[in-house]
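In what follows, a structure is listed as C-alpha coordinates, so that the remarks can point back to it.
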Ligand code: HEM
(Lines give C-alpha, C1' and ligand atoms only; values in the text may rest on other atoms or scores of the structure.)
Protein backbone atom coordinates (compact mmCIF):
# COMPACT_ATOMS: atom_id res chain seq x y z
CA UNK A 1 0.00 0.00 0.00
CA UNK A 2 2.73 2.40 1.07
CA UNK A 3 4.63 1.68 -2.12
CA UNK A 4 1.50 2.39 -4.22
CA UNK A 5 1.04 5.75 -2.48
CA UNK A 6 4.73 6.54 -3.02
CA UNK A 7 4.53 5.64 -6.71
CA UNK A 8 1.40 7.71 -7.14
CA UNK A 9 2.96 10.72 -5.41
CA UNK A 10 6.09 10.41 -7.49
CA UNK A 11 4.08 10.17 -10.73
CA UNK A 12 1.99 13.19 -9.71
CA UNK A 13 5.10 15.17 -8.77
CA UNK A 14 6.75 14.23 -12.08
CA UNK A 15 3.74 15.49 -14.05
CA UNK A 16 3.81 18.88 -12.29
CA UNK A 17 7.54 19.18 -12.87
CA UNK A 18 7.21 18.29 -16.56
CA UNK A 19 4.55 21.01 -16.92
CA UNK A 20 7.06 23.50 -15.51
CA UNK A 21 9.75 22.15 -17.80
CA UNK A 22 11.65 20.77 -14.83
CA UNK A 23 12.19 17.05 -15.02
CA UNK A 24 12.37 14.63 -12.13
CA UNK A 25 15.61 12.86 -11.31
CA UNK A 26 14.13 9.56 -12.54
CA UNK A 27 14.30 11.01 -16.04
CA UNK A 28 17.97 11.89 -15.84
CA UNK A 29 20.10 9.84 -18.25
CA UNK A 30 22.75 7.51 -16.93
CA UNK A 31 23.70 3.89 -16.36
CA UNK A 32 21.41 1.83 -14.15
CA UNK A 33 23.31 -1.48 -14.41
CA UNK A 34 22.08 -4.90 -15.48
CA UNK A 35 18.30 -5.21 -14.79
CA UNK A 36 18.50 -1.92 -12.91
CA UNK A 37 20.52 -3.63 -10.17
CA UNK A 38 23.17 -0.96 -10.11
CA UNK A 39 26.30 -0.16 -12.04
CA UNK A 40 28.76 -0.99 -9.28
CA UNK A 41 29.26 -4.40 -10.94
CA UNK A 42 30.54 -2.57 -13.97
CA UNK A 43 33.51 -1.50 -11.81
CA UNK A 44 34.28 -5.11 -10.89
CA UNK A 45 36.92 -7.20 -12.61
CA UNK A 46 36.99 -9.16 -14.90
CA UNK A 47 33.68 -8.27 -16.62
CA UNK A 48 33.18 -4.61 -15.75
CA UNK A 49 34.22 -2.02 -18.31
CA UNK A 50 34.91 0.64 -15.68
CA UNK A 51 37.54 0.67 -12.96
CA UNK A 52 37.94 2.62 -9.71
CA UNK A 53 41.50 3.25 -10.86
CA UNK A 54 40.38 4.95 -14.08
CA UNK A 55 37.61 7.27 -12.89
CA UNK A 56 38.75 9.93 -15.37
CA UNK A 57 38.07 7.49 -18.23
CA UNK A 58 34.67 6.35 -16.96
CA UNK A 59 33.89 10.04 -16.30
CA UNK A 60 34.63 10.97 -19.90
CA UNK A 61 32.75 7.91 -21.19
CA UNK A 62 29.59 8.86 -19.25
CA UNK A 63 29.83 12.46 -20.47
CA UNK A 64 30.08 11.34 -24.10
CA UNK A 65 27.20 8.88 -23.71
CA UNK A 66 24.75 10.78 -21.52
CA UNK A 67 25.69 14.46 -21.51
CA UNK A 68 26.51 17.08 -18.92
CA UNK A 69 24.45 15.68 -16.06
CA UNK A 70 24.38 11.95 -15.37
CA UNK A 71 22.62 9.82 -12.78
CA UNK A 72 24.50 6.59 -12.11
CA UNK A 73 22.68 4.03 -9.98
CA UNK A 74 25.46 2.40 -8.00
CA UNK A 75 23.37 -0.12 -6.02
CA UNK A 76 19.56 -0.18 -5.63
CA UNK A 77 18.66 2.77 -3.42
CA UNK A 78 21.93 4.65 -3.92
CA UNK A 79 22.75 6.79 -6.96
CA UNK A 80 25.40 9.40 -7.72
CA UNK A 81 24.62 12.47 -9.83
CA UNK A 82 27.71 13.51 -11.82
CA UNK A 83 27.98 17.17 -12.86
CA UNK A 84 30.08 18.38 -15.79
CA UNK A 85 28.52 21.80 -16.43
CA UNK A 86 30.30 24.55 -14.41
CA UNK A 87 26.97 26.35 -13.93
CA UNK A 88 25.55 23.28 -12.20
CA UNK A 89 28.75 22.98 -10.19
CA UNK A 90 28.34 26.61 -9.08
CA UNK A 91 24.69 25.90 -8.27
CA UNK A 92 25.43 23.15 -5.76
CA UNK A 93 28.00 25.24 -3.93
CA UNK A 94 25.86 28.37 -3.91
CA UNK A 95 22.46 26.86 -3.34
CA UNK A 96 22.43 23.11 -2.71
CA UNK A 97 24.43 22.64 0.43
CA UNK A 98 23.22 25.04 3.12
CA UNK A 99 25.13 26.00 6.27
CA UNK A 100 27.05 22.81 6.88
CA UNK A 101 28.29 21.32 3.61
CA UNK A 102 28.09 17.53 3.79
CA UNK A 103 30.26 14.94 2.09
CA UNK A 104 29.79 11.19 1.94
CA UNK A 105 33.28 9.77 2.18
CA UNK A 106 35.72 7.90 4.43
CA UNK A 107 32.88 5.75 5.78
CA UNK A 108 35.13 2.84 6.76
CA UNK A 109 37.48 5.23 8.56
CA UNK A 110 34.45 6.46 10.48
CA UNK A 111 33.58 2.90 11.51
CA UNK A 112 37.19 2.22 12.54
CA UNK A 113 37.11 5.21 14.88
CA UNK A 114 33.60 4.71 16.18
CA UNK A 115 34.60 1.16 17.16
CA UNK A 116 37.36 2.64 19.34
CA UNK A 117 35.71 5.17 21.66
CA UNK A 118 38.63 4.85 24.08
CA UNK A 119 40.84 6.61 21.47
CA UNK A 120 38.48 8.70 19.32
CA UNK A 121 35.48 10.88 20.06
CA UNK A 122 34.19 10.84 16.45
CA UNK A 123 35.02 9.72 12.93
CA UNK A 124 37.10 12.89 12.52
CA UNK A 125 36.88 15.83 10.17
CA UNK A 126 36.78 13.82 6.91
CA UNK A 127 33.61 11.71 7.33
CA UNK A 128 31.77 13.77 9.96
CA UNK A 129 28.93 16.03 8.79
CA UNK A 130 26.63 18.72 10.20
CA UNK A 131 27.18 20.66 13.38
CA UNK A 132 29.59 18.07 14.74
CA UNK A 133 31.84 18.63 11.70
CA UNK A 134 31.77 22.41 12.20
CA UNK A 135 32.75 21.99 15.86
CA UNK A 136 35.93 20.22 14.69
CA UNK A 137 36.58 22.36 11.64
CA UNK A 138 36.16 25.73 13.34
CA UNK A 139 38.77 24.87 15.98
CA UNK A 140 41.25 22.94 13.85
CA UNK A 141 41.33 25.43 11.01
CA UNK A 142 42.51 28.26 13.27
CA UNK A 143 46.20 27.41 12.99
CA UNK A 144 46.00 25.88 9.54
CA UNK A 145 43.98 28.09 7.23
CA UNK A 146 44.54 31.75 8.11
CA UNK A 147 46.79 33.56 5.60
CA UNK A 148 48.92 35.07 8.37
CA UNK A 149 49.55 31.75 10.13
CA UNK A 150 50.49 30.12 6.86
CA UNK A 151 52.92 32.89 5.96
CA UNK A 152 54.48 32.53 9.43
CA UNK A 153 55.34 28.97 8.39
CA UNK A 154 57.10 30.10 5.22
CA UNK A 155 60.65 30.35 6.68
CA UNK A 156 60.44 26.76 7.98
CA UNK A 157 59.05 25.56 4.66
CA UNK A 158 61.73 27.36 2.68
CA UNK A 159 64.54 26.02 4.88
CA UNK A 160 63.23 22.50 4.46
CA UNK A 161 63.00 22.86 0.68
CA UNK A 162 66.58 24.19 0.57
CA UNK A 163 67.70 21.13 2.51
CA UNK A 164 65.81 18.94 0.04
CA UNK A 165 67.53 20.65 -2.91
CA UNK A 166 70.92 20.19 -1.24
CA UNK A 167 70.45 16.43 -0.83
CA UNK A 168 68.92 15.97 -4.30
CA UNK A 169 72.25 15.23 -6.08
CA UNK A 170 72.80 12.27 -3.75
CA UNK A 171 69.75 10.69 -5.41
CA UNK A 172 71.02 11.11 -8.98
CA UNK A 173 72.15 8.10 -11.00
CA UNK A 174 75.22 8.38 -13.28
CA UNK A 175 73.17 10.39 -15.77
CA UNK A 176 71.96 12.93 -13.14
CA UNK A 177 68.52 11.33 -13.38
CA UNK A 178 66.06 10.43 -10.64
CA UNK A 179 64.04 7.43 -11.74
CA UNK A 180 61.19 7.84 -9.24
CA UNK A 181 60.92 11.50 -8.28
CA UNK A 182 57.51 10.98 -6.63
CA UNK A 183 59.16 9.02 -3.81
CA UNK A 184 61.55 11.89 -3.14
CA UNK A 185 58.66 14.36 -3.02
CA UNK A 186 56.69 12.08 -0.69
CA UNK A 187 59.62 12.23 1.74
CA UNK A 188 59.71 16.01 1.50
CA UNK A 189 55.94 16.24 2.13
CA UNK A 190 56.16 13.91 5.12
CA UNK A 191 59.05 15.89 6.57
CA UNK A 192 57.21 19.19 6.07
CA UNK A 193 53.91 17.90 7.48
CA UNK A 194 55.57 16.50 10.59
CA UNK A 195 57.61 19.64 11.19
CA UNK A 196 54.67 22.00 10.83
CA UNK A 197 52.07 19.82 12.50
CA UNK A 198 54.08 18.15 15.26
CA UNK A 199 57.37 20.05 15.52
CA UNK A 200 59.09 16.76 14.63
CA UNK A 201 62.01 16.10 12.32
CA UNK A 202 61.68 12.62 10.84
CA UNK A 203 65.05 12.36 9.10
CA UNK A 204 63.16 11.33 5.94
CA UNK A 205 66.02 12.06 3.53
CA UNK A 206 68.54 9.80 5.29
CA UNK A 207 69.65 6.58 3.58
CA UNK A 208 68.51 4.33 6.46
CA UNK A 209 64.98 5.78 6.28
CA UNK A 210 64.60 4.41 2.74
CA UNK A 211 64.37 0.92 4.16
CA UNK A 212 60.72 -0.20 3.74
CA UNK A 213 60.56 -1.01 7.47
CA UNK A 214 61.72 2.40 8.66
CA UNK A 215 59.32 4.71 10.46
CA UNK A 216 59.08 7.19 7.57
CA UNK A 217 58.58 4.49 4.91
CA UNK A 218 55.87 2.88 7.01
CA UNK A 219 54.10 6.21 7.54
CA UNK A 220 54.15 6.97 3.82
CA UNK A 221 52.82 3.48 3.03
CA UNK A 222 50.17 3.75 5.77
CA UNK A 223 48.86 7.04 4.33
CA UNK A 224 48.86 5.59 0.85
CA UNK A 225 47.00 2.46 1.97
CA UNK A 226 44.41 4.52 3.87
CA UNK A 227 43.73 6.64 0.77
CA UNK A 228 43.56 3.49 -1.37
CA UNK A 229 40.89 1.98 0.83
CA UNK A 230 38.47 4.91 0.65
CA UNK A 231 36.79 4.50 -2.75
CA UNK A 232 36.28 0.72 -2.66
CA UNK A 233 34.82 0.91 0.86
CA UNK A 234 32.65 4.00 0.23
CA UNK A 235 31.04 2.48 -2.87
CA UNK A 236 29.34 -0.84 -3.39
CA UNK A 237 27.83 -3.24 -0.91
CA UNK A 238 29.86 -2.20 2.15
CA UNK A 239 30.40 -5.76 3.33
CA UNK A 240 33.09 -4.40 5.65
CA UNK A 241 30.29 -3.32 7.95
CA UNK A 242 29.64 -7.02 8.69
CA UNK A 243 33.07 -8.65 8.55
CA UNK A 244 36.67 -7.63 7.96
CA UNK A 245 37.18 -7.53 4.19
CA UNK A 246 40.77 -7.41 2.82
CA UNK A 247 40.37 -3.69 2.01
CA UNK A 248 39.06 -2.90 5.48
CA UNK A 249 41.96 -4.86 6.99
CA UNK A 250 44.42 -2.77 4.98
CA UNK A 251 42.77 0.39 6.28
CA UNK A 252 42.75 -0.88 9.86
CA UNK A 253 46.45 -1.75 9.81
CA UNK A 254 47.35 1.60 8.26
CA UNK A 255 45.29 3.48 10.84
CA UNK A 256 46.76 1.49 13.72
CA UNK A 257 50.28 2.43 12.66
CA UNK A 258 49.52 6.13 12.19
CA UNK A 259 47.63 6.18 15.47
CA UNK A 260 50.62 4.68 17.32
CA UNK A 261 52.98 7.31 15.90
CA UNK A 262 50.72 10.32 16.51
CA UNK A 263 50.02 9.21 20.08
CA UNK A 264 53.80 9.11 20.63
CA UNK A 265 54.06 12.66 19.26
CA UNK A 266 51.22 13.88 21.47
CA UNK A 267 52.68 12.27 24.60
CA UNK A 268 56.11 13.72 23.85
CA UNK A 269 54.61 17.19 23.41
CA UNK A 270 52.54 16.96 26.55
CA UNK A 271 55.69 16.29 28.64
CA UNK A 272 57.94 18.74 26.78
CA UNK A 273 59.03 21.75 28.83
CA UNK A 274 59.76 24.23 26.03
CA UNK A 275 56.61 24.45 24.02
CA UNK A 276 56.90 25.23 20.32
CA UNK A 277 54.51 26.80 17.88
CA UNK A 278 53.48 23.72 15.91
CA UNK A 279 49.85 22.94 15.17
CA UNK A 280 49.99 20.31 17.88
CA UNK A 281 51.13 22.91 20.44
CA UNK A 282 48.22 25.12 19.43
CA UNK A 283 45.73 22.25 19.62
CA UNK A 284 46.94 21.09 23.03
CA UNK A 285 46.63 24.66 24.34
CA UNK A 286 43.10 25.08 23.02
CA UNK A 287 40.58 24.33 25.80
CA UNK A 288 37.84 23.76 23.19
CA UNK A 289 39.62 20.76 21.70
CA UNK A 290 39.43 17.28 23.21
CA UNK A 291 42.63 15.22 23.11
CA UNK A 292 40.77 12.35 21.38
CA UNK A 293 39.93 14.76 18.57
CA UNK A 294 43.61 15.71 18.38
CA UNK A 295 44.53 12.05 17.81
CA UNK A 296 42.04 11.88 14.91
CA UNK A 297 43.08 15.20 13.40
CA UNK A 298 46.78 14.39 13.67
CA UNK A 299 46.24 11.13 11.78
CA UNK A 300 44.18 13.03 9.20
CA UNK A 301 46.96 15.56 8.68
CA UNK A 302 49.22 12.66 7.76
CA UNK A 303 46.50 11.22 5.55
CA UNK A 304 45.78 14.51 3.76
CA UNK A 305 49.24 16.02 3.76
CA UNK A 306 51.64 13.63 2.09
CA UNK A 307 50.34 12.37 -1.24
CA UNK A 308 48.16 15.30 -2.31
CA UNK A 309 51.12 17.67 -2.22
CA UNK A 310 53.73 15.29 -3.61
CA UNK A 311 51.52 14.13 -6.50
CA UNK A 312 50.58 17.73 -7.39
CA UNK A 313 54.25 18.72 -7.39
CA UNK A 314 55.07 15.65 -9.51
CA UNK A 315 52.47 16.62 -12.11
CA UNK A 316 53.87 20.16 -12.18
CA UNK A 317 57.39 18.75 -12.72
CA UNK A 318 56.13 16.50 -15.52
CA UNK A 319 54.63 19.43 -17.44
CA UNK A 320 57.57 21.74 -16.76
CA UNK A 321 60.26 19.18 -17.66
CA UNK A 322 58.67 18.69 -21.09
CA UNK A 323 58.71 22.37 -22.00
CA UNK A 324 61.93 24.35 -22.32
CA UNK A 325 60.18 27.67 -22.93
CA UNK A 326 58.22 27.37 -19.67
CA UNK A 327 61.37 26.33 -17.82
CA UNK A 328 63.25 29.40 -19.01
CA UNK A 329 60.45 31.72 -17.90
CA UNK A 330 60.33 30.02 -14.51
CA UNK A 331 64.10 30.24 -14.16
CA UNK A 332 64.07 33.97 -14.97
CA UNK A 333 61.37 34.58 -12.39
CA UNK A 334 63.23 32.51 -9.78
CA UNK A 335 66.51 34.37 -10.40
CA UNK A 336 64.73 37.69 -9.97
CA UNK A 337 63.45 36.82 -6.48
CA UNK A 338 66.33 34.54 -5.42
CA UNK A 339 69.51 35.97 -7.00
CA UNK A 340 71.60 33.67 -4.74
CA UNK A 341 70.79 30.26 -3.27
CA UNK A 342 70.93 31.77 0.20
CA UNK A 343 68.22 34.35 -0.51
CA UNK A 344 64.94 33.55 1.21
CA UNK A 345 61.49 33.06 -0.20
CA UNK A 346 59.74 35.86 1.65
CA UNK A 347 56.09 36.75 2.19
CA UNK A 348 56.43 39.49 -0.41
CA UNK A 349 57.81 37.01 -2.94
CA UNK A 350 54.90 34.65 -2.25
CA UNK A 351 52.25 37.34 -2.36
CA UNK A 352 53.13 39.27 -5.47
CA UNK A 353 56.44 38.54 -7.14
CA UNK A 354 55.98 35.15 -8.80
CA UNK A 355 52.97 35.44 -11.14
CA UNK A 356 54.38 33.01 -13.70
CA UNK A 357 55.16 30.31 -11.13
CA UNK A 358 51.61 30.72 -9.81
CA UNK A 359 50.23 30.42 -13.34
CA UNK A 360 52.18 27.17 -13.80
CA UNK A 361 50.64 25.79 -10.62
CA UNK A 362 47.14 26.81 -11.67
CA UNK A 363 47.60 25.18 -15.06
CA UNK A 364 48.85 22.03 -13.32
CA UNK A 365 45.67 21.99 -11.25
CA UNK A 366 43.60 22.43 -14.43
CA UNK A 367 45.08 19.42 -16.19
CA UNK A 368 46.03 17.32 -13.18
CA UNK A 369 43.95 18.02 -10.11
CA UNK A 370 44.53 15.29 -7.53
CA UNK A 371 40.83 14.80 -7.16
CA UNK A 372 38.43 13.98 -9.99
CA UNK A 373 35.96 16.49 -8.53
CA UNK A 374 34.19 17.38 -5.31
CA UNK A 375 31.44 15.42 -3.59
CA UNK A 376 28.49 16.83 -1.67
CA UNK A 377 25.23 15.56 -0.21
CA UNK A 378 22.47 18.01 -1.10
CA UNK A 379 20.96 19.62 1.98
CA UNK A 380 17.79 20.54 0.12
CA UNK A 381 16.05 19.91 -3.21
CA UNK A 382 18.03 21.61 -5.96
CA UNK A 383 17.45 22.16 -9.66
CA UNK A 384 20.45 21.02 -11.64
CA UNK A 385 20.58 20.94 -15.42
CA UNK A 386 16.78 21.21 -15.57
CA UNK A 387 16.19 18.27 -13.18
CA UNK A 388 14.87 18.44 -9.66
CA UNK A 389 17.48 16.63 -7.59
CA UNK A 390 16.10 15.75 -4.16
CA UNK A 391 17.64 16.54 -0.80
CA UNK A 392 20.12 13.89 0.42
CA UNK A 393 21.27 12.97 -3.08
CA UNK A 394 25.02 12.50 -3.48
CA UNK A 395 26.38 14.72 -6.25
CA UNK A 396 29.96 14.71 -7.49
CA UNK A 397 31.45 17.34 -9.76
CA UNK A 398 33.53 16.18 -12.73
CA UNK A 399 36.11 18.97 -12.87
CA UNK A 400 38.90 16.78 -14.22
CA UNK A 401 36.83 15.95 -17.32
CA UNK A 402 35.28 19.45 -17.64
CA UNK A 403 38.76 21.04 -17.68
CA UNK A 404 39.70 18.93 -20.69
CA UNK A 405 36.70 19.90 -22.84
CA UNK A 406 36.90 22.25 -25.83
CA UNK A 407 33.75 24.06 -24.74
CA UNK A 408 35.51 25.20 -21.57
CA UNK A 409 39.10 25.83 -22.70
CA UNK A 410 40.69 26.54 -26.05
CA UNK A 411 43.34 23.96 -26.91
CA UNK A 412 42.35 22.14 -23.72
CA UNK A 413 45.02 19.45 -23.68
CA UNK A 414 47.94 21.85 -24.04
CA UNK A 415 49.76 22.95 -20.89
CA UNK A 416 49.63 26.73 -21.24
CA UNK A 417 50.26 28.73 -18.02
CA UNK A 418 49.73 31.99 -19.96
CA UNK A 419 45.96 31.37 -19.75
CA UNK A 420 46.15 32.48 -16.11
CA UNK A 421 48.25 35.63 -16.45
CA UNK A 422 46.55 38.96 -15.80
CA UNK A 423 47.74 40.14 -19.22
CA UNK A 424 45.61 37.48 -20.93
CA UNK A 425 42.30 39.14 -21.79
CA UNK A 426 40.61 35.75 -22.27
CA UNK A 427 41.21 34.94 -18.59
CA UNK A 428 37.98 36.58 -17.46
CA UNK A 429 36.02 34.26 -19.78
CA UNK A 430 37.09 31.17 -17.84
CA UNK A 431 34.29 29.91 -15.62
CA UNK A 432 35.41 30.23 -11.96
CA UNK A 433 33.99 26.83 -11.00
CA UNK A 434 36.09 24.81 -13.46
CA UNK A 435 39.43 24.78 -11.66
CA UNK A 436 38.69 24.05 -8.01
CA UNK A 437 41.42 21.60 -6.99
CA UNK A 438 40.89 22.22 -3.28
CA UNK A 439 37.11 22.05 -3.41
CA UNK A 440 35.03 25.07 -2.60
CA UNK A 441 33.45 26.95 0.28
CA UNK A 442 33.48 26.24 3.99
CA UNK A 443 34.38 22.62 3.46
CA UNK A 444 37.22 23.17 1.04
CA UNK A 445 40.71 21.87 1.84
CA UNK A 446 41.74 22.99 5.31
CA UNK A 447 45.40 23.25 4.25
CA UNK A 448 45.08 24.88 0.84
CA UNK A 449 47.38 27.83 1.47
CA UNK A 450 49.96 25.66 3.19
CA UNK A 451 50.03 23.21 0.29
CA UNK A 452 50.23 25.94 -2.36
CA UNK A 453 53.02 27.67 -0.47
CA UNK A 454 55.02 24.44 -0.27
CA UNK A 455 54.60 23.56 -3.96
CA UNK A 456 55.46 27.07 -5.15
CA UNK A 457 58.62 27.04 -3.01
CA UNK A 458 59.70 23.68 -4.45
CA UNK A 459 59.08 24.79 -8.06
CA UNK A 460 60.93 28.09 -7.53
CA UNK A 461 63.94 26.48 -5.93
CA UNK A 462 64.28 23.58 -8.37
CA UNK A 463 63.85 25.75 -11.45
CA UNK A 464 66.26 28.31 -10.06
CA UNK A 465 69.03 25.73 -9.93
CA UNK A 466 68.24 23.14 -12.58
CA UNK A 467 67.25 22.57 -16.16
CA UNK A 468 64.99 19.55 -16.37
CA UNK A 469 64.64 16.84 -19.01
CA UNK A 470 61.64 14.55 -19.00
CA UNK A 471 62.76 10.92 -19.16
CA UNK A 472 59.47 9.22 -18.36
CA UNK A 473 56.86 7.75 -20.72
CA UNK A 474 55.51 9.94 -23.51
CA UNK A 475 52.16 10.86 -21.94
CA UNK A 476 51.84 10.50 -18.19
CA UNK A 477 48.42 9.05 -17.42
CA UNK A 478 46.80 9.01 -13.98
CA UNK A 479 45.48 6.32 -11.72
CA UNK A 480 42.75 7.18 -9.19
CA UNK A 481 42.89 5.83 -5.65
CA UNK A 482 40.72 8.53 -4.11
CA UNK A 483 43.44 10.89 -5.25
CA UNK A 484 44.93 10.88 -8.72
CA UNK A 485 48.50 9.72 -8.86
CA UNK A 486 50.96 9.49 -11.75
CA UNK A 487 50.34 6.12 -13.39
CA UNK A 488 54.00 5.55 -14.26
CA UNK A 489 57.37 6.73 -12.99
CA UNK A 490 58.09 10.44 -12.89
CA UNK A 491 61.64 10.22 -14.23
CA UNK A 492 63.57 13.46 -14.58
CA UNK A 493 67.13 14.40 -15.50
CA UNK A 494 68.48 17.36 -13.54
CA UNK A 495 71.08 19.52 -15.28
CA UNK A 496 72.71 22.04 -12.95
CA UNK A 497 72.58 25.64 -14.16
CA UNK A 498 75.64 27.81 -13.57
C1 LIG B 1 47.90 20.07 -3.39
C2 LIG B 1 47.52 19.67 -2.21
C3 LIG B 1 46.10 19.39 -1.80
C4 LIG B 1 44.97 19.28 -2.56
C5 LIG B 1 44.84 19.44 -4.07
C6 LIG B 1 43.88 19.01 -1.64
C7 LIG B 1 42.57 18.84 -2.03
C8 LIG B 1 41.51 18.66 -1.15
C9 LIG B 1 40.13 18.54 -1.54
C10 LIG B 1 39.61 18.54 -2.97
C11 LIG B 1 39.40 18.42 -0.41
C12 LIG B 1 37.86 18.28 -0.33
C13 LIG B 1 37.30 19.68 -0.36
C14 LIG B 1 35.80 19.80 -0.47
O15 LIG B 1 35.08 18.84 -0.19
O16 LIG B 1 35.33 20.91 -0.86
C17 LIG B 1 40.31 18.46 0.70
C18 LIG B 1 39.93 18.37 2.04
C19 LIG B 1 40.82 18.24 3.07
N20 LIG B 1 42.20 18.33 3.00
FE21 LIG B 1 43.28 18.76 1.34
N22 LIG B 1 44.37 18.95 -0.38
C23 LIG B 1 45.72 19.18 -0.42
C24 LIG B 1 46.60 19.23 0.65
C25 LIG B 1 46.26 18.97 1.95
C26 LIG B 1 47.19 18.99 3.05
C27 LIG B 1 48.67 19.35 2.94
C28 LIG B 1 46.48 18.64 4.18
C29 LIG B 1 46.93 18.50 5.62
C30 LIG B 1 48.14 18.75 6.05
C31 LIG B 1 45.09 18.44 3.77
C32 LIG B 1 44.06 18.12 4.61
C33 LIG B 1 42.72 18.11 4.25
C34 LIG B 1 41.62 17.87 5.18
C35 LIG B 1 41.76 17.56 6.68
C36 LIG B 1 40.43 17.96 4.45
C37 LIG B 1 39.01 17.80 4.97
C38 LIG B 1 38.40 19.16 5.26
C39 LIG B 1 36.95 19.11 5.75
O40 LIG B 1 36.24 18.15 5.45
O41 LIG B 1 36.55 20.07 6.44
N42 LIG B 1 45.00 18.66 2.41
N43 LIG B 1 41.60 18.61 0.24
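The values are calculated or read from the model by the stated rules, or taken from the named source; none is laboratory data. Since we're looking at a predicted model, the values are computed, not measured. Please note: Cβ atoms are built from the backbone with ideal geometry, for glycine as well, and neighbour counts cover all protein chains shown.
Any residue that is within 16 Å of the ligand (Cβ to nearest atom) and in contact (Cβ under 8 Å) with a residue 60 or more places away in the chain - is there at least one of those in segment 327-337?
Taking segment 327-337 as the starting set, the residues that turn out to be within 16 Å of the ligand (Cβ to nearest atom) are none.
The answer is no, given that none of the residues of segment 327-337 is within 16 Å of the ligand (Cβ to nearest atom) and in contact (Cβ under 8 Å) with a residue 60 or more places away in the chain.
Residues are listed down the side, and each one gets a yes or a no for (1) out of contact with any helix residue (DSSP H, G or I) (no Cβ under 7 Å at 6 or more places or on another chain); (2) within 17 Å of residue 477 (Cα to Cα); (3) not assigned by TED's automatic domain parsing to the domain that holds residue 68:
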{"position": "381", "(1), (2), (3)": "yes, no, no"}
{"position": "390", "(1), (2), (3)": "no, no, no"}
{"position": "395", "(1), (2), (3)": "no, no, no"}
{"position": "412", "(1), (2), (3)": "yes, yes, yes"}
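Would you be able to say whether some residue in segment 380-403 is more than 16 Å from the ligand (Cβ to nearest atom), in contact (Cβ under 8 Å) with a residue 40 or more places away in the chain, on the phi > 0 side of the Ramachandran plot and surrounded by fewer than 21 Cβ atoms within 10 Å (Cβ to Cβ)?
Yes: one or more hits.
Just checking, how many residues over segment 82-116 are over 20 Å from residue 441 (Cα atoms) and in contact with a strand residue (DSSP E or B) (Cβ under 6 Å, 6 or more places away or on another chain)? Show your work before the answer.
Step one: of segment 82-116, the residues over 20 Å from residue 441 (Cα atoms) are 107-116.
Cutting the leftovers down to in contact with a strand residue (DSSP E or B) (Cβ under 6 Å, 6 or more places away or on another chain) gives us none.
Looking only at that region, the number is 0.
If a residue has to be assigned to a helix (DSSP H, G or I), near the ligand (Cβ under 7 Å from one of its atoms) and more than 15 Å from residue 126 (Cβ to Cβ) to count, how many in segment 436-451 make the cut?
Residues flagged as assigned to a helix (DSSP H, G or I), near the ligand (Cβ under 7 Å from one of its atoms) and more than 15 Å from residue 126 (Cβ to Cβ) within segment 436-451 amount to 4.
Checking residue 260 against (1) within 22 Å of residue 224 (Cβ to Cβ); (2) without any contact (Cβ under 8 Å) to a residue 60 or more places away in the chain; (3) within 14 Å of the ligand (Cβ to nearest atom), which test does it fail?
Going through (1) within 22 Å of residue 224 (Cβ to Cβ); (2) without any contact (Cβ under 8 Å) to a residue 60 or more places away in the chain; (3) within 14 Å of the ligand (Cβ to nearest atom) one by one, residue 260 breaks only (3).
In this structure, is residue 191 touching a helix residue (DSSP H, G or I) at 6+ places or on another chain (Cβ under 9 Å), in a helix (DSSP H, G or I), closer than 20 Å to residue 302 by Cβ and within 15 Å of the ligand (Cβ to nearest atom)?
Numbers: touching a helix residue (DSSP H, G or I) at 6+ places or on another chain (Cβ under 9 Å): yes; in a helix (DSSP H, G or I): yes; closer than 20 Å to residue 302 by Cβ: yes; within 15 Å of the ligand (Cβ to nearest atom): yes.
Yes, satisfied.
When residue 464 is evaluated against the numbered criteria (1) more than 19 Å from residue 399 (Cβ to Cβ); (2) outside any helix (DSSP H, G or I); (3) in contact with a helix residue (DSSP H, G or I) (Cβ under 7 Å, 6 or more places away or on another chain), which criterion, by number, is the only one it fails?
So the condition that residue 464 fails would be (2).
Restricting attention to segment 172-188, which residues are surrounded by 19 or more Cβ atoms within 10 Å (Cβ to Cβ) and assigned to a helix (DSSP H, G or I)? Don't jump to the end; show me each part of the working.
The first filter runs over segment 172-188 and keeps only residues surrounded by 19 or more Cβ atoms within 10 Å (Cβ to Cβ), leaving 178, 181-182, 184-188.
Matches in segment 172-188: 181, 182, 184, 185, 186, 187, 188.
Does segment 363-370 include one or more residues that are surrounded by fewer than 21 Cβ atoms within 10 Å (Cβ to Cβ), under 25 Å from the mean Cα position of the chain (by Cα) and in a loop (DSSP other than H, G, I, E, B)?
The answer is no; no qualifying residue exists.
Matching residues to (1) over 21 Å from the mean Cα position of the chain (by Cα); (2) within 13 Å of the ligand (Cβ to nearest atom); (3) assigned to a helix (DSSP H, G or I):
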{"position": "265", "(1), (2), (3)": "yes, no, yes"}
{"position": "268", "(1), (2), (3)": "yes, no, yes"}
{"position": "276", "(1), (2), (3)": "yes, no, no"}
{"position": "282", "(1), (2), (3)": "yes, no, yes"}
{"position": "297", "(1), (2), (3)": "no, yes, yes"}
{"position": "300", "(1), (2), (3)": "no, yes, yes"}
{"position": "303", "(1), (2), (3)": "no, yes, yes"}
{"position": "311", "(1), (2), (3)": "no, yes, yes"}
{"position": "314", "(1), (2), (3)": "no, yes, yes"}
